[in-house]
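Before any comments, here is the structure.
The values are calculated or read from the model by the stated rules, or taken from the named source; none is laboratory data. Keep in mind it's a predicted model, so treat the numbers as computed, not measured. Glycine also receives a Cβ, built like all others from the backbone with ideal geometry; neighbour counts cover every protein chain displayed. Only protein heavy atoms, including side chains, enter the accessible area calculation; ligands, DNA and RNA are left aside. Shrake-Rupley method; radii C 1.70, N 1.55, O 1.52, S 1.80 Å.
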Amino acid sequence: LREYYSNQKIEFENYLNYYRITSKFGEPRYKKSKRGGRKTKYHKGIDLVPKIEEDKKIKSFMEGKVFEIGYEKDGYGYFIITEHKLENSFDNSKWVYCLYAHLTKIYVKKGDSINLNQKLAKIGKTGNAGYSHLHFETRISEKKLENSREYLNLDPVNPESLINRFDEHNINLDKLIE
């Protein structure tokens, strides 16, 4: 993937010095099944909590477009999916989709163009969230998606490893929350 990012302008300002990851990518999640057994699912993103809880706002990971805004009562709560096109020198492209979930207030609309570090929403605890936090996940596609169902069919990518691969761009998780 490095070749896809090499020509992208990805710069961030440091706007959260202290956070903690309360749930990592791939951690098992146990639920009771309808038949009384246990069902195991794996966490598809990371959960970030500011150590100093205030009126924290979520910023965009990269410039792009708001792909979807929605609400899931028993899942993500209020969420935003953003779409980011990455081009390489071979005229091929990949698309990165980022999901920001459990939000309270949303500042953007579906279809809006977004700038790097643009405020998107406020951290919250909507949907299936027991505490206020940001659930952040990333997925990569070879083609532009048509709808959010296609997003759910993509395999999740660990946001930490995706971000850490491009350390020359100074990308880190400190930059998602203000």
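Would you check which residues across the stretch 99-110 are open to solvent by less than 40 Å² (accessible area, probe 1.4 Å) and either over 24 Å from residue 157 (Cβ atoms) or of a type in the set (A, V, I, L, M) (or both) and list them?
The answer is 99, 101, 103, 108.
Going through the stretch 65-101 one residue at a time, which ones are at pLDDT below 95 and at positive phi?
Scanning the stretch 65-101 gives a single hit, 91.
Which condition number in (1) in a loop (DSSP other than H, G, I, E, B); (2) at pLDDT 90 or above is the one that residue 120 fails?
If we test residue 120 against (1) in a loop (DSSP other than H, G, I, E, B); (2) at pLDDT 90 or above, just (1) comes out false.
Consider the stretch 130-163. How many of its residues are surrounded by 15 or more Cβ atoms within 10 Å (Cβ to Cβ) and in contact with a strand residue (DSSP E or B) (Cβ under 6 Å, 6 or more places away or on another chain)?
17
Residue pairs, Cβ under 7 Å, 6 or more apart or interchain, first in the stretch 73-86 and over 7 Å from residue 127 (Cα atoms), second of a type in the set (Asp, Glu) and at pLDDT 95 or above. List them.
Filtered contacts from the stretch 73-86: 81/68.
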